[in-house]
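I have placed the structure first, in the form of structure tokens, so that the comments after it can refer back to it.
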Amino acid sequence: PLNRRPPILKIPYNRKSQETIAITNAFLVEHLPQSESLEDTCHLVYTAAIAVGTVLGMNVEYPLTNGEIQLRDKQERVLAWRRRIGDNINRLRAEIGILVNFLKDPKNASKKVTEVKKIRRKLKLREKQKDYQKRLTLHLDFLKQKIAIYGARIQHYNKANKRRQQNFTFTTNQKKFYCLLEEKGKQDNEEVSTPEPYEMHRFWSHIWENPVKHDRGAFWLHKEKNSIADVAAMENLQINPEDLKAATSWKSPGTDHIQNYWWKYFTSTHITLASQFQAILEDPRLAPGFMTEGITYMLPKNPETGQPMVCMSQYILTVEQNGCKKGSWGYKELLLIDSIIANQVSHVRRNISIAWVNYNKAFDSVPHSWLIHALQMYKVNEKVIALISTLMQTWHTCLHINVGGQWYKTQSIRIERDIFQGDSLSPLWFCLALNPLSKILRNSGYGYSLGRRPTVLVSHLFYMDDLKLYAKNSDQLQSMLELVSSFSKSIAMEIGMDKCAV
């Protein structure tokens with residue numbers, strides 16, 4: 001079953017692994033004609049990936065059975081010389097303990113007499129010698145220095161080994177390298193108290209399982225519909241193997257535990273997949289249930305896609321929105337524009353009014369009714385809308401929470417109000433949902449004009465849900481904020497006032 005599958009381990013990228021994958025890919029051709037559904041194909045690919053790992057000598061660990069997703073720590077292999085040093089340090093510490101107790105109170109250290117005699121014979125000392133205790137004290141200092149030397153050797157080895165591991169990780173997997181650095185930084189800061197799993201479940205279910213509707217009579221809806229009257233409707237889709245090859249990106253696996261790596265290199269599956277995806281597009285009821293099950297990892301916050309949709313974003317998304325824009329520098333372009341405005345204001349001594357607007361749990365609060373309405377308004381293909389509408393009805397997720405080093409999985413939560421996070425389409429879909437706001441602000445005539453002549457008017461900059469407004473004075477800025485507030489209320493989204501500023 002999907003929920004009991006062990007995760008597929010990452011295989012090394014070398015000639016042997018590539019040859020094994022090629023052989024398995026050719027072998028899959030014999031079994032794919034027997035696949036009657038997308039779920040059957042997923043089972044085949046999963047077992048093929050496990051077979052590749054088994055041939056390469058990788059051990060598969062099965063998860064625990066009680067709903068707890070504890071990650072098992074791998075026991076580090078201890079080198080022989082390091083084990084010997086550890087044994088020597090333990091022996092020296094025991095001897096130091098004996099000497100400290102004896103020198104502290106020789107008369108009452110009767111229990112340690114036998115051990116002290118052994119030490120005395122080793123040092124060739126007699127109890128009646130004048131410098132008896134002095135010699136024992138010198139020997140105690142010698143033992144402490146010896147432990148310090150052993151400790152320095154281990155510390156030097158640990159530092160050198162850490163450097164080698166970091167260099168290797170950076171060379172083979174830069175993402176993992178930076179994640180490890182981030183975890184180290186969090187450990188150095190004060191520990192963040194993690195809420196109990198049931199509290200997390202109650203908090204997020206209160207948000208996600210309470211559906212809301214957008215205002216279908218909002219004043220701007222009719223204007224937006226008229227403004228895109230000339231936009232051509234999206235054509236009918238015909239999914240082919242080339243589309244699958246282009247769409248296979250490096251995303252995390254879902255509940256089927258199959259990384260996109262395997263879909264990318266098991267090329268023999270592309271024809272079967274294209275046929276099965278086309279069948280699901282024609283009849284959404286054929287979509288397997290695991291496609292709408294999410295995995296949500298709850299991590300402490302620091303204090304501080306399909307080809308047709310990509311093409312559509314280039315013509316419909318406003319230029320002010322730089323999230324999910326193909327061929328752009330994302331927030332870097334926005335920072336450059338902001339820097340130019342700030343330098344001009346400072347140099348020419350012009351007035352400007354600025355506001356920063358941030359939505360409260362933006363991705364978690366957008367209504368499903370508005371998401372579907374946005375697709376219809378921008379003339380997305382009816383079959384695509386029907387498929388997405390059907391899938392939305394079964395969206396659900398489970399929270400995975402780390403408490404004291406152990407991972408816990410909560411009960412399933414229905415998603416009645418939210419973008420389906422983790423899905424490749426969701427960020428672009430969210431930008432599309434906020435696109436009318438960008439048009440409202442641009443058409444308002446408000447903004448900051450670059451240059452003496454109002455040839456270039458900058459009213460706002462958008463990056464996903466982060467909005468920055470520019471106005472020539474405070475009255476104009478107030479009018480822009482009222483437009484933002486009116487739009488936000490009509491699509492039932494809240495502005496997080498604690499993160500806003502003027």
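The values are calculated or read from the model by the stated rules, or taken from the named source; none is laboratory data. For clarity, every value in this text was computed on a predicted model and none was experimentally measured. Here Cβ is always computed from backbone atoms with ideal geometry, including for glycine, and neighbour counts include all displayed protein chains. Quick note on the areas: whole protein, heavy atoms, side chains included, nothing else; ligands and nucleic acids left out. Shrake-Rupley method; radii C 1.70, N 1.55, O 1.52, S 1.80 Å.
The table below lists the values:
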{"quantity": "Boolean, TYR359 is over 20 Å from TYR470 (Cβ atoms) and surrounded by 17 or more Cβ atoms within 10 Å (Cβ to Cβ)", "calculated": "no"}
{"quantity": "Residues that are closer than 24 Å to ASN322 by Cβ and not aliphatic (A, V, I, L, M), drawn from the stretch 347-372", "calculated": "SER353, TRP356, ASN358, TYR359, ASN360, LYS361, PHE363, ASP364, SER365, TRP370"}
{"quantity": "Residue satisfying all of: in the stretch 343-356; farther than 19 Å from CYS500 by Cβ and touching a strand residue (DSSP E or B) at 6+ places or on another chain (Cβ under 9 Å); surrounded by the fewest Cβ atoms within 10 Å (Cβ to Cβ) among these", "calculated": "ARG350"}
{"quantity": "Filter pass, GLN166 being in a helix (DSSP H, G or I) and loosely packed, with under 11 Cβ neighbours inside 10 Å", "calculated": "no"}
{"quantity": "Per-region count, the stretch 3-43, residues of a type in the set (A, V, I, L, M, F, W, C) and open to solvent by 30 Å² or more (accessible area, probe 1.4 Å)", "calculated": "6"}
{"quantity": "Elements of type helices (runs of 4 or more DSSP H) contained in the stretch 216-305, each with 1 or more residues being under 25 Å from CYS179 (Cβ atoms) and modelled with pLDDT under 90", "calculated": "260-265"}
{"quantity": "Residues of the stretch 31-59 that turn out to be assigned to a helix (DSSP H, G or I) and not hydrophobic (A, V, I, L, M, F, W, C), as a count", "calculated": "11"}
{"quantity": "Residues (open to solvent by 30 Å² or more (accessible area, probe 1.4 Å) and part of a loop (DSSP other than H, G, I, E, B)) located in the stretch 362-376", "calculated": "none"}
{"quantity": "Every pair of residues 6+ apart whose Cβ atoms lie under 6 Å, when the first sits in the stretch 121-143 and is surrounded by 14 or more Cβ atoms within 10 Å (Cβ to Cβ) while the second is β-branched (Val, Ile, Thr)", "calculated": "LEU143/ILE96"}
{"quantity": "Conditions (1) under 16 Å from LEU317 (Cα atoms); (2) open to solvent by less than 50 Å² (accessible area, probe 1.4 Å): number failed by SER488", "calculated": "(1)"}
{"quantity": "Filter result (touching a Cys at 6+ places or on another chain (Cβ under 6 Å) and of a type in the set (A, V, I, L, M, F, W, C)) within the stretch 407-437", "calculated": "LEU428, CYS431"}
{"quantity": "Residues of the stretch 206-215 satisfying the condition of being surrounded by 11 or more Cβ atoms within 10 Å (Cβ to Cβ) and outside any loop (DSSP other than H, G, I, E, B)", "calculated": "ILE207, TRP208"}
{"quantity": "Boolean, ALA386 is surrounded by 17 or more Cβ atoms within 10 Å (Cβ to Cβ) and either at pLDDT 90 or above or under 24 Å from ILE495 (Cα atoms) (or both)", "calculated": "no"}
{"quantity": "Yes/no for TYR446 being over 29 Å from HIS201 (Cβ atoms), outside any helix (DSSP H, G or I) and open to solvent by less than 10 Å² (accessible area, probe 1.4 Å)", "calculated": "no"}
{"quantity": "The stretch 243-301, subset aliphatic (A, V, I, L, M) and within 20 Å of ASN25 (Cβ to Cβ), residue surrounded by the fewest Cβ atoms within 10 Å (Cβ to Cβ)", "calculated": "ALA246"}
{"quantity": "Any chance GLN34 is outside the structural domain of THR410 (by the TED database) and modelled with pLDDT under 85", "calculated": "no"}
{"quantity": "Residue identified as out of contact with any Asp or Glu (no Cβ under 7 Å at 6 or more places or on another chain), at pLDDT 90 or above and part of a loop (DSSP other than H, G, I, E, B) among VAL357, VAL380", "calculated": "VAL380"}
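The rows are residues; the columns are (1) at pLDDT 90 or above; (2) among the acidic types (Asp, Glu); (3) buried (at least 17 other Cβ atoms within 10 Å of the Cβ).
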| residue | (1), (2), (3) |
| --- | --- |
| ARG417 | no, no, yes |
| ASP423 | no, yes, yes |
| PRO427 | no, no, no |
| LEU434 | yes, no, yes |
| ILE440 | yes, no, yes |
| VAL456 | no, no, no |
| GLN478 | yes, no, no |
| CYS500 | yes, no, no |
